[in-house]
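The values are calculated or read from the model by the stated rules, or taken from the named source; none is laboratory data. Because the structure is predicted, anything quoted here is derived from the model rather than measured. A quick note on method: Cβ atoms are made from the backbone with ideal geometry, for glycine too, and the neighbour counts reach across all protein chains shown. Areas reflect the complete protein model, heavy atoms only, side chains present, ligands, DNA and RNA absent. Shrake-Rupley method; radii C 1.70, N 1.55, O 1.52, S 1.80 Å.
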Amino acid sequence: MDTIYVAFGRRFSMGLYSDLQNKRVVVTGGASGIGYATAARFLDEGSRVVILDIHSEGLDAAETALPGLEGVVQTDVGSPEEVQRAFAEVDRLMGGIDVLISNAGVSYRCPFLDIPPEQWSRVMDINLGGMFHCSREAMSRMDAQGSGVILMTASTNGTEGHPYYTDYNASKAGVILLTQTMALEFAPRVRVNAICPGYVLTPMQKAEYTPEMLEATNRKIPMQRHAQPDEIAALFAFLASEQASYITGSVIPIDGGETAGLQ
Ligand code: NAD
């Protein structure tokens, strides 16, 4: 992964997974955090990458920082119409899709009784609805071509309760069953898996901490630190590659030991 060169306007590299070269990859929420690191990682693997994100300034910054991108499309993944339009643009840019990294999400720290119904609906629309809309567009193309990989960002919050995140936790639990059900319906042609990150130091996570809270959380994690976004991107690259050819319907924690048990 250290040899990167540019030719014909594209980044090429000695990636770890040669079968990812020229794969057509769509990353949602790719303007920031885990999604951005994942887009960069697939570019390093020699894949063709399009980012979908709602944040136009973030998309401009990503396009500048990652000149190998095939394109970026401003999209609210919570809107089925916008997602449909975005995938038409993906078709125009890349002629289809081989790998979907369905990753866009939002979270708000909020005690249960203070969650306004509008927030509940918005979190569900983006975190669960967005995964459904994007997967539906991707799967219709993958099913027709008889191959593909869909990977979703769930969370350890989708497998066990965490106070003050009721809407988020419920949405991520939904992502897990969405993943497993799609995996069953579309095996063996298309592999579908979910990953469950624990604490990852991204803008979403940083926004919720004071420096003291960050330190206190680090002490609770067996690995004694948050994950870096590129550590999550590495799992996505492996799962998209042929090295993971027998992995489907799986829900894979990547959490520094957080859910391994009590200490
Ligand atoms: P982030 O805020 O850095 O990135 C999220 C991206 O999603 C942003 O670029 C944002 O603009 C985009 N987005 C938000 N709403 C959108 C919408 N409606 N349509 C399209 N794009 C939208 O956050 P992150 O930490 O990188 O989170 C990425 C994913 O990882 C999320 O699904 C999150 O729930 C999940 N996750 C994060 C952590 C963590 O600790 N950071 C842990 C577990 C799971």
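Enumerate the lysines that Lys220 could reach by cross-link, defined here as Cα to Cα under 23 Å, with residues fewer than 8 away along the same chain left out.
Filter leaves Lys172, Lys206.
Please determine, in degrees from 0 to 90 and to the nearest 10, the orientation of helix 33-44 with respect to the longest principal axis defined by the Cα atoms of the chain, where the helix direction is its Cα long axis.
Long axis of 33-44 versus the principal axis of the chain: about 20 degrees.
7 Å from Cα along Cα→Cβ at both Ile221 and Ala260: what's the point-to-point distance in nm?
1.4 nm
If you take the C-alpha gyration tensor of the chain, multiply each eigenvalue by 5 and take the square root, what semi-axes do you get, largest first, in whole Å? All intermediate terms of the calculation are to be shown ahead of the outcome.
Values: eigenvalues 153, 87, 71 Å².
Working from the Cα gyration tensor, I get semi-axes of 28, 21, 19 Å.
Just the number, please: carbon plus sulfur as a percent of the accessible area of region 154-263, 1.4 Å probe, no ligands or DNA/RNA counted.
58 percent
Report the residue, chosen from Ile232, Ile176, Ile115, that carries the largest GNM mean-square fluctuation when the chain is represented by alpha-carbon nodes joined by springs under 10 Å.
So, out of Ile232, Ile176, Ile115, the one fluctuating most is Ile115.
Cross-link candidates for Lys23: which aspartates and glutamates have Cα within less than 18 Å, leaving aside residues fewer than 8 places away along the same chain?
Cα-Cα hits under 18 Å: Asp44, Glu45, Glu70, Glu89, Asp91, Asp98, Glu137, Asp143, Glu242.
Can you work out the PRE-style zone for Gln243? Point 7 Å along Cα to Cβ, and I want the residues of region 162-203 with backbone N under 18 Å.
Backbone N within reach: 193-196.
Can you tell me, using C-alpha contacts under 8 Å and at least 6 residues apart, the relative contact order of region 1-144 as a whole percent?
Working: 256 pairs, mean separation 32.6, N = 144.
Computed value for region 1-144: 23 percent relative contact order.
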